[in-house]
Amino acid sequence: MAKIPAACVFIFSFIASLGFVSFALCLVAEAKRAKAGDLKFDGQLCQLPASHSFGFAVAALICVSVAQITGNVVVCASRSKGKVRDIKAKEPILFLAAFSWVSFGVAVILMSVATSMSREQPYGEGWLDRECYIVKGGVYTSCGVLSLLSVVALLGAAAITIATNPVEQGLKVYAHN
């Protein structure tokens, strides 16, 4: 059994921690989002105060983005050190990397829109077309799950890449006959 370098353990732990923090921040944003009772409507114009979910969602976006960038650097750096020798390992790496990017992209889009809606919507201005919008329940939770899936898939791709690119250890001595 190959020994896992300490740097890999540290980097994987860092990426996983960012994924869990992003997930937790999304859950907090879900709890702090504006509710229908916060909406003020005077018959023609609406007003919605800023919700506390804005800051939590921005922090979650930052965490998942740093995790995604760091994880992709690890995968690319591991692949550039040596070719993946096991041809059967290339397909799962590509699938996991693609799945990670798709999950990340959907999470970022959902979180960005929901975060934008969490800002203050003054009378007569609203969020879009002078109308007030409230983030539906479960949107931030879905973003958190997508963020977590993105990080897990990325860690899986990185683990397979590192496992199929064994690290050269020690000096090789060749005997000449």
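The values are calculated or read from the model by the stated rules, or taken from the named source; none is laboratory data. None of these values were measured; they are calculated from a predicted model. Cβ atoms come from the backbone with ideal geometry, glycine included; neighbour counts cover every protein chain shown.
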Quick one: in the range 109-142, of everything that is within 24 Å of I62 (Cβ to Cβ) and of a type in the set (D, E, K, R), which residue is modelled with the highest pLDDT?
K136
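So, in the range 16-62, how many residues would count as being in a loop (DSSP other than H, G, I, E, B) and aliphatic (A, V, I, L, M)?
Going through the range 16-62 one residue at a time, the tally reaches 4.
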